[in-house]
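Written out below as structure tokens is the structure these notes cover.
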């Protein structure tokens, strides 16, 4: 009989995330994947700068903390030294899609055989709710107090769409954890992204649309609704590239 | 006798790194150190090593951080503007106590400056560059042979003290050829196994975390203070310099790297004219070897610091001399190289001024 | 019915000092530091004292540490669930007030007062118009209505009675135009007159 | 051997660095102290190009030459730039096919050789540098031909051994003049 318990690859440390934040769910999915693939002893994770800066405390495997945006470069270094290790980065939208865009794009272009878990919540959480590269047009944040004006502040980056054009990318998939069905899909995607690495297929990125109730100023339930009504239409879920798959 | 080969400073640097067991090189092209990357690109694949041309210096140094964290001997090389970009990563490497070797084949600055040789990154290398309280060992070879020896030693120092070590040369040293032999260096240090590396736990040990973030100021202060105790040990045991004709000298020149050699030519000419001039050549720029300056500061009439900069090392010379003798300066900058004649003229002026 | 008192205002208005003093004077059961905007000068800095007075302090997970992550602990919900009376001290401006939005439903079951602390010597709230704009912005972000204004006008150690009175005059005028009750004038104990809310200095200007 | 401080100078593409390397290897194979310092950067491409070679019995101090004992000049600007810097009693050899003016100083020895013209006649238009080198060796005697032969095996790419004979022939040709 299946029992609900903490994945072995998740440490017994209470997560610091705000109630209603999706980081916790994604952490769990990553840890379950590591357990199920039996790779805890060979996995090395790279933590970002952002709300997930303490991710190194939560995964029961070797971890390195990276400077803001540099996780794919750090992961590249780790992976090149021990190619049989499974190396993943866990990054937010500011880290991956603003300050670390170059590292992300070039790790993808090199087909670096790593797994990238990308949390997109359309806002900077760590510094208290500023505009992110993924902030939606019109969205109010601390640094877009009149709503993101695309005339002056430009358009959001659609990372999966962008990276899907690169030959080095094995898998680019966008998911969400807003309901049970999507959580199941996300789990499958994350597992595939790790399996790809074991099979030496190249760069895999799973973008997970996530909520930030605290900085959005919404209750956790309202935040899920906001994500469904605003983020998913702008960032459609699905597989953008699967080198060896159906698409 | 050891077989000698004729090599450029940059090539010799690269080969020495490989001989020291470095199998990972991450870099980004910049003149005048391009031969290092070119050499690595050719040689690494042949020996199962990794050469990776990164998308930027920023990425390259972070690859170094990752690879060093994973336990490898790793090298990156660049020139001044590139080292500015790497400074962020160097601070993280220092803050995470990781070993690696960084080469700076210095060119003229600030900004894009120029590609001719310079020593104007002395402050950047020895006083900071990146943010926070940290140091790295900085080694300044003056010949291609010394480049080879110091590069090999740099990897041992880095591993032994778990910190970044910089090799600081200039465009002249990188581009010149001299005969070198490779077998002469032997490590005197016993190196511990890298049990802290992120190699995967294999379910045999507790997880390793490499990090430079600390939640409380008390915790951070404690770690930094401990790191400074290590720096004290390094200052005590690793500061090194060469003395040349100092015993009877009235004036002692302080110069490092290639300019120390130009100064030696000036000293020979000065001696031919009856001027008693000597040289102290710092080999480690950090830690700066104060002892010879202390030793001679009461014997000499004055010191002369010669640099390819507007005067950077002179501050350390003055601190070492501690007011016991005047310290004068002669320098050229922007890629200009002081000639022996210019240095000699300065020496004659100094002596003349006294008569 | 739970009683929840929220302190908002322009950053630098002194709302944290007022909130902490208010908590102690009114012997509330809990004070909640909800400042996710600025990691400095926060309620949590007075935690030891507040605890001694029997007041529970709830603060962001990394408040008063080296780390600036505005992550909120689940205990915040206890304010609405189990505390008799509580104070919420939020960050400055509408940016700081945004966080209140996530607790919106919970306020419905509480007797909630939302005070806006005003220091007329802060540039953005130096006239009635500025105060009105700040009020609107905070209400928008928090989705709560301001229920009264507090005059906390001061120039730190340069404060004189004249400053306090000039502030009171302006804040009262704003109250009139905005149809809001004037709650009180607060001032450091050495300046406070009868009928004003006297403040003790609990929030240190850090060690520096 | 005393100390020879040799500046080789010309246009990029004339084989100045190669000629310098040959001299450096001559020092290598005869166990001399030496240094080889090129001018580098933009001036390497198309413009003037020069290279400093020091051969000595003593360790080389400054690799940078300010008073050459020997100048090897393959174009007009090079002769103009360096003639005045040659140490009194020094030696200048230059390619008179490309340099019209000649050496004006009287306290140095000047030797003119139409190296480019000779190279054309031999159908080796790119090897004027080796012809001039042959002449330099003959007139200065700083190295002997056996040393040159040994050094040449080191500078000629291993993949193109046929170049050894071609280069050597040009050096020998230069030694006749």
Virtual spin-label span in nm between residue C:53 and residue B:247, 7 Å along Cα→Cβ: 7.9 nm
Pairwise FRET efficiency - residue B:205 versus residue A:167, Cβ, R0 = 60 Å, nearest 0.05: 0.95
Residue B:46-residue D:100 pseudo-label distance in nm [points 7 Å out on the Cα-to-Cβ vector]: 4.9 nm
Whole-number percent relative contact order across region D:35-145, with pairs defined as alpha carbons under 8 Å at least 6 apart: 17 percent
Centre separation in Å (Cα based) which lies between region C:148-205 and region B:20-91: 61 Å
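Taking 1 over the mean of 1/r across every pair of different Cα atoms in the protein assembly as shown, what Kirkwood radius in Å do you get?
Values: mean 1/r = 0.0306 Å⁻¹.
One decimal place: 32.7 Å for the Kirkwood radius.
Which whole number gives the average count of other chain Cβ atoms within 10 Å of the Cβ atoms across peptide C:97-109? Could the numbers behind the result be given before it?
Numbers: counts 1, 10, 8, 1, 9, 15, 4, 4, 3, 1, 0, 0, 0.
Average per residue, whole number: 4.
Exposure proxy check: C:103, B:256, B:214 ranked by fewest other beta carbons within 10 Å? Can you show the working numbers first?
Values: C:103 26, B:256 30, B:214 17.
By the 10 Å Cβ count, ascending: B:214, C:103, B:256.
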Helix A:23-37 vs. chain A, principal-axis angle (Cα, 0 to 90°, nearest 10): 20 degrees
Residue B:181 paired with residue B:53, simple spin-label distance in nm, labels 7 Å along Cα-to-beta-carbon: 3.7 nm
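Counting DSSP beta bridges in chain B, what percent are antiparallel, to the nearest 5?
Working: 11 of 44 bridges.
Just about 25 percent of them are antiparallel.
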Using alpha-carbon coordinates, inclination of helix C:161-178 to the longest axis of chain C, degrees: 80 degrees
Centroid-to-centroid separation of region B:291-349 and region C:44-93 [C-alpha atoms, Å]: 60 Å
Efficiency of FRET between residue A:12 and residue B:228 - r from beta-carbon atoms, R0 30 angstrom, step 0.05: 0.30
Long-range tail of P(r) for chain A (Cα pairs > 28 Å, %): 25 percent
Sites residue B:345 and residue C:155, calculated FRET efficiency, Cβ-Cβ separation with R0 56 Å, nearest 0.05: 0.35
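Relative contact order (percent) for region C:82-208, with alpha-carbon contacts under 8 angstrom and 6 or more residues of separation?
22 percent
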Viscosity 1.306 mPa s, temperature 10 °C, Stokes-Einstein D of region B:247-355 from Kirkwood C-alpha radius, µm²/s: 117 µm²/s
Cα-based helix-to-principal-axis angle, C:128-142 vs chain C, degrees rounded to 10: 10 degrees
Region C:65-208: translational diffusion in µm²/s, Stokes-Einstein, Kirkwood Rh over Cα pairs, 20 °C, 1.002 mPa s: 128 µm²/s
CD proxy at 222 nm, helix term only [per DSSP H run n ≥ 4: -39500 (n - 2.57); per residue of the protein assembly as shown; nearest 500]: -11000 deg cm²/dmol
Extension gain, residue D:162 back to residue D:126 (0.36 nm per residue minus Cα-Cα distance, nm): 11.4 nm
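Please arrange A:59, B:51, A:118 by counting, for each residue, the other beta carbons lying within 10 Å of its beta carbon, fewest first. Numbers along the way, then the final one.
Numbers: A:59 25, B:51 20, A:118 28.
Fewest-to-most Cβ neighbours within 10 Å comes out as B:51, A:59, A:118.
Which whole-number percent gives the relative contact order of chain B, counting Cα pairs below 8 Å spaced six or more residues apart?
Working: 748 pairs, mean separation 61.0, N = 355.
About 17 percent, as a whole number.
What is chain B by shape, rounded, prolate or oblate, if you read a ≥ b ≥ c off the alpha carbon gyration tensor as root eigenvalues and call it rounded for a/c under 1.5, prolate for a/b larger than b/c, and oblate otherwise?
Working: a/c = 1.98, a/b = 1.55, b/c = 1.27.
It comes out prolate by the Cα gyration axes.
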Mean Cβ count within 10 Å, highest first, over the residues of peptides C:131-142, A:186-197, A:43-54: A:43-54, A:186-197, C:131-142
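Read the figures in this text as sums done on the coordinates, not as results from a lab. From a predicted model like this one, the values you see are computed outputs, not experimental measurements. Don't worry about glycine lacking a Cβ; one is built from the backbone with ideal geometry, like all the others, and counts go over all protein chains shown.
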